[in-house]
Every structure is written in structure tokens, then in C-alpha cells.
Amino acid sequence: MFGLVDTKKGIKKETICNYSYIFVKTDNEYVESLNSKEILKYDSDGNLVELLLYTGSSSSKFVNKYDSMGNKIEQLNYDMNGNVSNLREDHLGICQYTIKYNSNGQTKSISRYGLNGGLKENIDGICETITKYDLNGNVIEQSNYDLNENLTESQYGVCKTIFKYDTSGNKVDESNYNLNGDLTEGRFGVSRTITKFNSKGSKIEESYYDSKGNFCENFSGFSKIINKYNSNGNMIEKKEYDSKGNLIKTKYKYNLEGNMVEECYNDSEGGLTDKGDVFSICKYVFKYDDYGNNIEKLSYDKDGLIVIKYKYTRQNRIREEIS
């Protein structure tokens with residue numbers, strides 16, 4: 001990855017990223033599936049105004065527009081010629097998005113348009129999403145509307161999501177509802193998420209429920225998460241339970257400067273385990289320079305062997321990967 005910088009303002013003008021995607025073919029063999037390239041262009045204020053994406057044999061162009069406050073107000077999807085006549089619909093069937101804001105600069109609505117320039121429903125049947133806020137600026141409701149401005153359900157059965165907060169402004173309840181006003185499962189099968197916080201505002205528990213009030217698993221496969229912190233506010237333990245009560249416990253260790261030096265996964269019996277990634281990683285070890293910059297990350301499997309080794313620059317960007 002490399003980029004051009006406006007030397008007068010010190011603002012990045014363009015960034016080019018090259019990627020190679022590797023997919024596992026067998027237990028011991030990896031194959032390179034495809035290469036991709038991104039070119040990101042920015043305006044004088046540092047806003048992303050253009051993204052060129054090359055993936056395999058296909059290519060896309062996305063153009064963003066902003067208001068005087070720097071809020072993104074429009075996104076247009078093009079083919080590589082960039083002409084209006086070559087607007088192209090994305091995977092949701094939409095070629096243009098417009099965003100409106102309230103007086104506090106918060107997103108008020110997102111509208112979707114088709115190739116003919118008119119409002120259009122995406123593949124979910126949603127044409128517009130309206131967001132409401134409380135007096136403290138917290139999102140309290142997000143509702144979906146069809147082309148006729150009627151409430152409508154997404155393909156996952158959700159037409160409205162309601163958010164509730166405690167007196168400190170922490171989000172403690174997120175619930176999905178259908179057109180009948182009943183709780184309904186969203187995209188990942190969760191109807192309601194209940195979160196608890198300690199007196200310092202740190203999240204100590206998060207639970208996921210289905211429409212009947214039973215524990216269910218989130219997109220990561222967990223139904224309940226419990227966090228524990230030290231006196232400095234650093235998380236030292238995370239317990240993640242699935243709907244059957246199986247546990248993965250993550251322990252974190254820190255140095256005197258408060259930098260994380262180890263992240264380790266254990267099962268309910270205290271033995272090393274992994275989270276199902278292709279490298280079966282059970283532990284990460286982090287190393288820092290004298291200035292507190294992360295300079296190395298080591299990944300270990302159950303046998304204590306180094307699976308992947310990353311080295312970082314002082315900007316915390318990966319400089320080298322060894323596997």
C-alpha cells in the first residue's frame with residue numbers, strides 16, 4: 001500500500017492498496033484465489049471522494065459527495081467510464097444513495113435510487129430508512145419504508161429497531177420488531193440484545209435472545225458474553241457462551257504501561273483452544289518498542305508453535321508477515 005500526500009496541508013490525496021486473497025484448499029495447502037486493487041482518492045479536507053475497485057476481471061467505481069460540514073450526502077455507483085449514462089446498480093440493486101442530516105449533523109434518512117433516477121426499493125424491499133434520536137443525541141429508532149412511504153419489513157422480517165439507554169447514555173437494549181409490533185429475529189437470528197455496564201461505563205455483560213425470550217446465538221455463535229476488568233479499566237477476561245453453555249474464555253495480560261502483551265483462549269476445562277479460524281490460533285503475544293509502539297505479533301497453536309509472525313512499522317502497519 002502506498003499513497004500521495006498534499007504537502008501543503010499534509011492531507012492524503014490518494015492511496016493504492018493491492019490485495020491477494022488466499023483460500024484454504026486442504027489442511028496443508030493454500031491456493032491464491034484472486035488479486036484485487038483499490039485506488040482511494042480524497043479531497044482537500046481528507047474526505048474519500050472516489051474509490052476504484054478492481055477485483056479479478058470485474059471493476060467498480062464509487063463517487064461520494066459531501067456538504068460544507070463534511071457530511072457524506074450522496075454515493076454514486078459507476079462502471080469504470082464514470083459517465084452518468086453508465087451508472088451501475090450494486091448487489092442490492094441500487095445505483096445512488098442520498099443521505100440527509102438533522103441540525104446536529106446526525107443521519108436522519110437514507111434514500112435509495114435506481115437507474116432511472118427515481119426512488120427504488122432494494123432487494124430487501126426498502127426504499128428509505130428513517131432514524132430518530134433522543135434529546136441526548138442517542139439513536140432511539142430506525143424504521144424501514146417502501147416506495148409508497150409505508151413501513152415495510154426487510155427480507156429478515158424487521159421493519160423497526162428500537163434502542164434504549166441507561167441514565168449514563170449506555171445502550172442497554174436493542175430490539176427488532178415486525179409490522180405487527182412483535183419481536184422478530186433479525187439477519188443473524190437475534191431479536192433482542194441486552195447489555196449491562198459497570199459504574200465506569202465498561203460493558204460487563206451482553207446477552208442475545210430470540211422472539212420468544214430464549215437465549216440464542218449471535219453471528220459469532222455466542223449467546224452470552226461476560227467481561228471482567230482490572231483496576232485500570234483494561235479487560236482481563238472475556239467469557240463467551242453458546243446456547244448450550246459451552247464456554248470459550250479469553251484472558252488478556254498487560255505490561256506496566258498498559259499495553260496488551262498476551263491474548264489467550266481457553267475452554268471450560270482450562271485447556272488451550274481456538275475460535276475456529278483456519279490457522280487454529282490459541283494465543284497471541286505482542287511486543288513493543290521503548291515508545292510503546294507495537295512492533296511484533298506472534299500467533300501460536302495448541303502445540304506452542306508459531307503459526308504466523310507479524311512485524312509492524314511505527315505507524316502500526318504490517319511491514320512483514322511470516323508463516
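What strands (runs of 3 or more DSSP E) completely inside segment 246-296 contain at least 3 residues that are within 22 Å of Ile226 (Cα to Cα)? Give the steps one after another, and end with the answer.
Values: elements: 247-254, 260-267, 283-288.
Once the strands (runs of 3 or more DSSP E) in segment 246-296 are filtered for at least 3 residues that are within 22 Å of Ile226 (Cα to Cα), what remains is 247-254, 260-267.
Which one is nearest to the chain's Cα centre (by Cα), of the residues in segment 233-245 that are farther than 14 Å from Ile204 by Cβ and outside any strand (DSSP E or B)?
Within segment 233-245, the subset farther than 14 Å from Ile204 by Cβ is 241-245.
Filter once more, so that each one left must be outside any strand (DSSP E or B): 242-245.
Working: Asp242: 21, Ser243: 23, Lys244: 27, Gly245: 26 Å.
Going through the qualifying residues, I end up with Asp242.
Does Val158 satisfy being in a loop (DSSP other than H, G, I, E, B), within 27 Å of Tyr229 (Cβ to Cβ), touching a strand residue (DSSP E or B) at 6+ places or on another chain (Cβ under 6 Å) and among the β-branched types (Val, Ile, Thr)?
Numbers: in a loop (DSSP other than H, G, I, E, B): yes; within 27 Å of Tyr229 (Cβ to Cβ): no; touching a strand residue (DSSP E or B) at 6+ places or on another chain (Cβ under 6 Å): yes; among the β-branched types (Val, Ile, Thr): yes.
Judged against the criteria, Val158 is not a match.
Going by the conditions given, is Asn266 over 24 Å from the mean Cα position of the chain (by Cα) and either within 17 Å of Lys253 (Cα to Cα) or at pLDDT 90 or above (or both)?
Numbers: over 24 Å from the mean Cα position of the chain (by Cα): yes; either within 17 Å of Lys253 (Cα to Cα) or at pLDDT 90 or above (or both): yes.
So Asn266 passes the test.
Taking Phe222 as the residue in question, decide whether it is part of a strand (DSSP E or B), crowded, with 18+ Cβ neighbours inside 10 Å and within 21 Å of the chain's Cα centre (by Cα). Even if it seems obvious, please write down each step before you answer.
Working: part of a strand (DSSP E or B): no; crowded, with 18+ Cβ neighbours inside 10 Å: yes; within 21 Å of the chain's Cα centre (by Cα): yes.
Here the answer is no, as Phe222 does not meet what is asked.
Residues that are of a type in the set (S, T, N, Q), at least 2 per element: which strands (runs of 3 or more DSSP E) completely within segment 169-210 meet that? Can you show your working first?
On the way: elements: 171-177, 192-197, 203-209.
By residue number, 171-177, 192-197.
From (1) more than 24 Å from Ile123 (Cα to Cα); (2) surrounded by 14 or more Cβ atoms within 10 Å (Cβ to Cβ); (3) β-branched (Val, Ile, Thr), pick out the condition that doesn't hold for Ile162.
Ile162 satisfies every listed condition except (1).
Which one of these is over 30 Å from Thr129 (Cα atoms) and at pLDDT 65 or above: Lys61, Lys41, Lys37? Give the steps one after another, and end with the answer.
On the way: Lys61 fails: over 30 Å from Thr129 (Cα atoms); Lys41 fails: over 30 Å from Thr129 (Cα atoms).
Lys37 is the lone residue from the list that is over 30 Å from Thr129 (Cα atoms) and at pLDDT 65 or above.
Restricting to segment 175-197, count the residues that are on the phi < 0 side of the Ramachandran plot and either surrounded by fewer than 14 Cβ atoms within 10 Å (Cβ to Cβ) or of a type in the set (A, V, I, L, M) (or both).
Here is the first cut: in segment 175-197, the ones on the phi < 0 side of the Ramachandran plot are 175-180, 182-188, 190-197.
If we keep only those that are either surrounded by fewer than 14 Cβ atoms within 10 Å (Cβ to Cβ) or of a type in the set (A, V, I, L, M) (or both) too, we end up with 179-180, 182-183, 187-188, 190, 194.
Number of matching residues: 8.
Mind listing just one residue for me: the one in segment 137-157 that is more than 26 Å from Gly105 (Cα to Cα) and not polar (S, T, N, Q) and, of those, modelled with the lowest pLDDT?
Tyr156
Step by step: first the residues of segment 198-213, then only those that are closer than 23 Å to Lys228 by Cβ and of a type outside the set (D, E, K, R), then the one that is surrounded by the fewest Cβ atoms within 10 Å (Cβ to Cβ). Which residue is that? First the steps, then the outcome.
Initially, segment 198-213 is screened for residues closer than 23 Å to Lys228 by Cβ, giving 198-209.
Within this subset, residues satisfying the condition of being of a type outside the set (D, E, K, R) are 198-199, 201-202, 204, 207-209.
Working: Asn198: 14, Ser199: 7, Gly201: 11, Ser202: 14, Ile204: 16, Ser207: 19, Tyr208: 24, Tyr209: 19.
So, considering only residues that are closer than 23 Å to Lys228 by Cβ and of a type outside the set (D, E, K, R), the one surrounded by the fewest Cβ atoms within 10 Å (Cβ to Cβ) is Ser199.
The values are calculated or read from the model by the stated rules, or taken from the named source; none is laboratory data. In this text the structure is predicted, and so the values were computed from the model without any measurement. No Cβ is skipped: glycine too gets one built from the backbone with ideal geometry, and neighbour counts run over all protein chains shown.
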